[in-house]
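Enquirer: Handing you a structure now.
Computed from the coordinates by the stated procedures, all read-outs in this text should not be read as laboratory data. Remember, predicted model here, so these are calculated numbers, not experimental data. Neighbour counts run over all protein chains shown; Cβ positions are idealised from the backbone, glycine included.
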Amino acid sequence: MVSQSPATGPRRGSRNGNRAEPKPIGAARLEELALAYVARFATSRAKLTAYLARKLRERGWDGDGEPPVAALVERFVAAGYVDDAAFARAKSGSLLRRGYGARRVTQALGAAGIDEDIRAEVRAGEGALRRAALALARKRGFGPFGRSAGERDPARREKQIAAMLRAGHALDSARELVDAATIEAAEEWAALEDE
């Protein structure tokens, strides 16, 4: 069916209901979808389960009984296609390099369905958290990275500390970094090893 658009003229298959209904998913197609997803994205067991559940909700199930989502996910875990611990290590490292703190990393891993014991296993040490705080300060121009020598603005300081807290850093780390006198002092603080 051809619909008429006032601005561009005739269109085919517009989004207002002229599309054919998608075919329900069978067992073979469900496995294809899961395999394509794990091939394209680093994922966790919970994220793969949620993806397959969403696809089944959108398109329906064309098989006998309940869809074998749990069995399929367990098979992928056994084959090594899905590894929650590897996903947690990669996600944690990525967030820390981008400047996020422990609280935000823990929240992201929890949202991805990573178990508490794996989250505890990949929890960053103090040294890594200080380096993450330094990365955020450098990227956002906080503390000595964004002020001239001797310049002190209390309102700006409070905003910078609040931004670091929202990024998941501890209050003492945020204060230490924002109040650092020089870039060298901030870098020395971040270079301290885990206690």
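Enquirer: Would you please name the trypsin sites (Lys or Arg not before Pro) within region 108-195 that are DSSP coil residues with at most 13 other C-beta atoms within 10 Å of their C-beta? Write down the numbers at each step before the final one.
Expert: Numbers: sites: R119, R123, R130, R131, R138, K139, R140, R147, R152, R156, R157, K159, R166, R175; in loops: R123, R147, R152.
Those that pass, being in a loop and sparsely packed, are R152.
Enquirer: I'd like the Karplus ³J(HN,Hα) series for region 102-110: coefficients 6.51, -1.76, 1.60, θ = phi - 60°, whole numbers in Hz, and an x wherever there's a Gly or Pro.
Expert: Per-residue couplings from phi come out as 4, 4, 5, 5, 4, 5, 5, 5, x Hz.
Enquirer: Between A135 and A70, what is 0.36 nm times their sequence separation minus the Cα-Cα distance? Round to one decimal in nm.
Expert: 19.4 nm
Enquirer: Divide by every residue of the chain the summed helix terms, -39500 (n - 2.57) for each DSSP H run of at least 4, and state the resulting mean residue ellipticity at 222 nm, rounded to the nearest 500 deg cm²/dmol.
Expert: -18000 deg cm²/dmol
Enquirer: Enter the Cα centre distance for the pair region 135-195 and region 83-103, rounded to the nearest angstrom.
Expert: Cα centres, region 135-195 to region 83-103: 22 Å.
Enquirer: Can you list the residues, at least 5 places off or on another chain, whose amide H is less than 5 Å from the amide H of W61, using H built in the peptide plane?
Expert: I25
Enquirer: Taking R0 as 25 Å, what's the FRET efficiency between F41 and L192 from their Cβ-Cβ distance, rounded to 0.05?
Expert: Efficiency, from the Cβ-Cβ distance: 0.10.
Enquirer: Quote the Stokes-Einstein diffusion coefficient, in whole µm² s⁻¹, for the chain, based on the Kirkwood radius over alpha carbon pairs, a temperature of 20 °C and a viscosity of 1.002 mPa s.
Expert: Result for D is 105 µm²/s.
Enquirer: Tell me which residues come under 5 Å, amide H to amide H, from D83 once H is placed; ignore anything under 5 positions away on its chain.
Expert: The list, which skips near neighbours in sequence, is T43.
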